[in-house]
Amino acid sequence: MINIIISGNFAFLNHLTIIPALACLDDECYPGWLKTFVRRKHLAFHHNPNENSGKSFLSFRNAVDLVLFALVTSLSVPVVSNLLQISGKHQAMNASFHSLRLVNTYGAFGSVGEKRYEAIISVSNDGRNWTEIEFPCKPGSIQRRPCFCAPYHYRLDWNIWFIGFKPHQSMLQRRENWLFRLIQKILTDEEESSRPWMALLDASSVESLQQSPKFAKVDMYHYEMAGSLWVMAANWFEGKAPVWWKRRYEEPLIKPVTVDPSGHLAYAII
């Protein structure tokens, strides 16, 4: 949990997971200084000279806790019903069941695809020989091992990942149409100082884009791990070239395009 918090990925969820988990640990698990500190606070509270005031506060707090417990319990009935799908309907994620939205369902990822599809951008100067553009972290070349990234995700790697959900064309047109703008930038001949977006790509691709290509396209590939970690480790010890992924062509996402004289994207005639 702490490692995920450091990565900055939905960190508040991990704080919420850690807090109740600490209450499940035996007191002997905590360091001596912490137990001494808590014990002193406990004794100072219970030996307060104003004993009646302390008892009144505890009674008031217990009453407030009981009211809040009853409120959350009653508002949680439809939430639990939705979780267990008692009504026969599919479970609703990120839904509210009351006008005040006090108790809701939340899922960082209500559903996750069973297969991994990746959008691969390729560029060319002649329409026949294509060079794939690599991103800092997402799968591209099958020889690149899965990367570690912290404390935050790489911007383009994170956004382009959503195109992997089917239907790919719908995801592209509906929410990830920024990809058209990126391709337009790649194909537009600009001064290096006016191309800060290149810092979002892998260094190997930055070198190949020093001069703007003439054509670009995007294809979808289905990626799978090439084998278990043990098999890859054995190949590495044997001195074999590492192959981390295996992939197969799925479908074209954006057919070959170029930049017309007006500076807009147009389908290329190759």
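Helix 178-187 and the long axis of the chain differ in direction by around 40°, with both axes built from C-alpha atoms.
Were the residues from Val72 through Cys24 laid out at 0.36 nm apart, the gain over their Cα-Cα distance would be 15.1 nm. When the chain is described by a simple charge dipole with +1 on each Lys and Arg Cβ and -1 on each Asp and Glu Cβ, the residue from Ala241, Pro213, Pro78 located farthest towards its positive end is Pro78.
Please report the equivalent ellipsoid semi-axes of segment 81-181, computed as sqrt(5 x eigenvalue) of the Cα gyration tensor, largest first, in whole Å. Please report the intermediate quantities before stating the final value.
Working: eigenvalues 269, 51, 37 Å².
Working from the Cα gyration tensor, I get semi-axes of 37, 16, 14 Å.
In this simple spin-label approximation, Leu43 and Arg181 carry label points 7 Å from Cα along the Cα→Cβ vector, and these lie 6.4 nm apart.
Highest GNM mean-square fluctuation among Cys149, Cys24, Cys137, for the chain modelled with Cα contacts below 10 Å: Cys24. For the residues Ser76, Ser59, Ser204, a GNM of the chain with alpha-carbon springs under 10 Å puts the largest fluctuation on Ser59.
Quote to one decimal, in nm, the extra length available between Leu13 and Ile270 on full extension: 0.36 nm per residue of separation minus the C-alpha distance between them. Let's see the in-between values first.
Working: separation 257, 0.36 × 257 = 92.52 nm, distance 5.03 nm.
Roughly 87.5 nm would be gained on extension.
Rank Leu182, Leu172, Ala199 by how far each Cα sits towards the positive end of the charge dipole of segment 165-208 (+1 on Lys, Arg Cβ; -1 on Asp, Glu Cβ) and give me just the farthest. Result: Leu172, furthest along the dipole toward the positive end.
Taken about its Cα centre, the chain carries a charge dipole of about 680 debye when Lys and Arg each add +1 at the Cβ and Asp and Glu each add -1 at the Cβ. Overall, segment 118-270 carries a charge dipole of about 460 debye about its Cα centre when +1 sits on the Cβ of Lys and Arg and -1 on the Cβ of Asp and Glu, all other atoms neutral.
The residues packed around Lys217, meaning those with a beta-carbon under 11 Å from its beta-carbon, carry a net charge of -1 if Lys and Arg are +1 and Asp and Glu are -1. With θ taken as phi - 60° and the Karplus curve 6.51 cos²θ - 1.76 cosθ + 1.60 applied, the whole-hertz 3J(HN,Hα) list for segment 67-76 is 5, 5, 4, 5, 5, 5, 4, 5, 6, 8 Hz, x standing for glycine and proline. Taking the longest Cα principal axis of the chain as reference, the axis of helix 32-46 is set at about 40 degrees. For segment 130-144, the residues whose amide N sits under 18 Å from a probe point set 7 Å from the Cα of Met198 along the beta carbon direction are 131-136.
Which of Lys166/Lys214; Lys138/Lys255; Lys185/Lys217; Lys166/Lys246; Lys115/Lys255; Lys214/Lys246 have a Cα-Cα distance over 18 Å? Don't skip to the answer; put the middle values down first.
Details: Lys166/Lys214 29 Å; Lys138/Lys255 21 Å; Lys185/Lys217 13 Å; Lys166/Lys246 20 Å; Lys115/Lys255 23 Å; Lys214/Lys246 29 Å.
The answer is Lys166/Lys214; Lys138/Lys255; Lys166/Lys246; Lys115/Lys255; Lys214/Lys246.
Coupling constants for segment 218-233 follow from the phi torsions by the Karplus curve (6.51 cos²θ - 1.76 cosθ + 1.60, θ = phi - 60°), and in residue order they are 10, 10, 9, 10, 8, 9, 9, 4, 5, x, 6, 4, 5, 5, 5, 5 Hz; glycine and proline get x.
Of Tyr117, Val103, Phe162, which is farthest on the positive side of the dipole of the chain, counting Cα position, with +1 on Lys and Arg Cβ, -1 on Asp and Glu Cβ, and the Cα centre as origin? Ranked along the dipole, the leading option is Val103. Highest average first, the peptides 114-121, 223-230 ordered by how many other beta carbon atoms sit within 10 Å of their residues are 114-121, 223-230. The residues packed around Ala241, meaning those with a beta-carbon under 13 Å from its beta-carbon, carry a net charge of +2 if Lys and Arg are +1 and Asp and Glu are -1. This model, with +1 at the C-beta of Lys and Arg and -1 at the C-beta of Asp and Glu, gives segment 176-248 a dipole about its Cα centre of some 340 debye. Amide H contacts under 5 Å for Glu250: Met220, Tyr221, His222, restricted to partners 5 or more places along the chain or on a different chain, H placed in the peptide plane at 1.01 Å from N. The candidates Asp202, Asp189, arranged from most to least accessible area with a 1.4 Å probe in the full protein assembly, appear as Asp189, Asp202. Rolling a 1.4 Å probe over the protein heavy atoms gives the chain an accessible area of 70 Å² per residue. The angle separating the long axis of helix 11-22 from the principal Cα axis of greatest extent in the chain is about 40 degrees.
Given the Cα-Cα distance of Phe148 and Tyr106 and 0.36 nm per residue of separation, how much length would full extension add, in nm?
Working: separation 42, 0.36 × 42 = 15.12 nm, distance 2.68 nm.
Contour length minus Cα-Cα distance gives 12.4 nm.
For segment 108-189, give the percent of accessible area contributed by carbon and sulfur heavy atoms, probe 1.4 Å, rounded to a whole number. Intermediate results must be reported in sequence, preceding the final value.
Working: 2320 of 4670 Å².
Carbon and sulfur together cover 50 percent of it.
The values are calculated or read from the model by the stated rules, or taken from the named source; none is laboratory data. None of the values given here were measured: they were computed from a predicted structure. No Cβ is skipped: glycine too gets one built from the backbone with ideal geometry, and neighbour counts run over all protein chains shown. To get the accessible areas, we keep the full protein, side chains included, count just its heavy atoms, and leave off ligands, DNA and RNA. Shrake-Rupley method; radii C 1.70, N 1.55, O 1.52, S 1.80 Å.
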